[in-house]
1. Of the heavy-atom accessible surface of the range 175-226 (probe 1.4 angstrom), what whole percent is carbon and sulfur?
2. Once you have the Cα-Cα distance between residue 174 and residue 23, take 0.36 nm times their residue separation minus that, and quote the gain in nm to one decimal.
3. I'd like the accessible area for residue 35: 1.4 Å probe, protein heavy atoms, all chains in place, Å² to the nearest 10.
Amino acid sequence: MFEDSLVESSGRIKTKRGWTTFMSFGLQMLLLGIMILIPLIYTEALPKSQMMTFLVAPPPPPPPPPPPAAAPVKVIKVQTELINNQLRQPTKSPEKVKIVKEEEAPQVASVGVAGGVPGGMQGGSLGGVLGGIVSSSSLPPKVATPQKVRVSSGVAAGNLIQKVQPQYPAIAKTARIQGTVVLEATISKSGSIEGLKAVSGPPMLYQAAIDAVRQWRYKPYMLNGEPVEVGTTVNVVFTLNGG
């Protein structure tokens, strides 16, 4: 019986300790919650100066330094001696007066010929006989006339004075061959034909064209007042209708 009472009392003691521990833990949690809620409810108790440092934006950066002041412009007033386009009297005399000495123009010596020339002037005359010799020597040299020039067929045709029509070859007529024969020609200084060669056209008509053009005559081609040889082309047309 004694043992039963001991077991029962020890059980009560353990139950009592459990409730005490639970009540102590609950009380501590309640106090901790109250301590957290009080600053949230009563904000006046918070340190305002420290809180404002977290809420206020940082100050703006300082402005850039002003640009350096511009150098003062010195205005120089030019005093003119003219008033209404008239020279006015100076207000003060200059300290130094510079004398300007004009140089005399060089005299041109008269050029004459010893003994004089018929119709000349005493002492000679500039630009006379000697002047003519000097001026003639200063003329540009005469350009040499070329021995041979090249002209177009149209220009050469304008100087043609005698033209012989070609004889149409019978074999070419039978074969009904026609066309234009182009000849390379050299016209001498006297206007006669010196060199001929066929360049293009029907080969069967070459010789007939050369025989005819060799008899042609031209006016001499003049260049700088002198006759020169001329190189050109001659077109000889062969048509069956023209025979």
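1. Answer for the range 175-226 is 49 percent, counting heavy atoms of protein chains only.
2. That pair, residue 174 and residue 23, stretches by 39.6 nm at full extension.
3. Surface accessible to solvent at residue 35 totals approximately 130 Å².
The values are calculated or read from the model by the stated rules, or taken from the named source; none is laboratory data. On a predicted model such as this, the values are computed, not experimentally measured, just so you know. When the accessible area is computed, the model is the full protein with side chains, heavy atoms only, and any ligands, DNA or RNA have been set aside. Shrake-Rupley method; radii C 1.70, N 1.55, O 1.52, S 1.80 Å.
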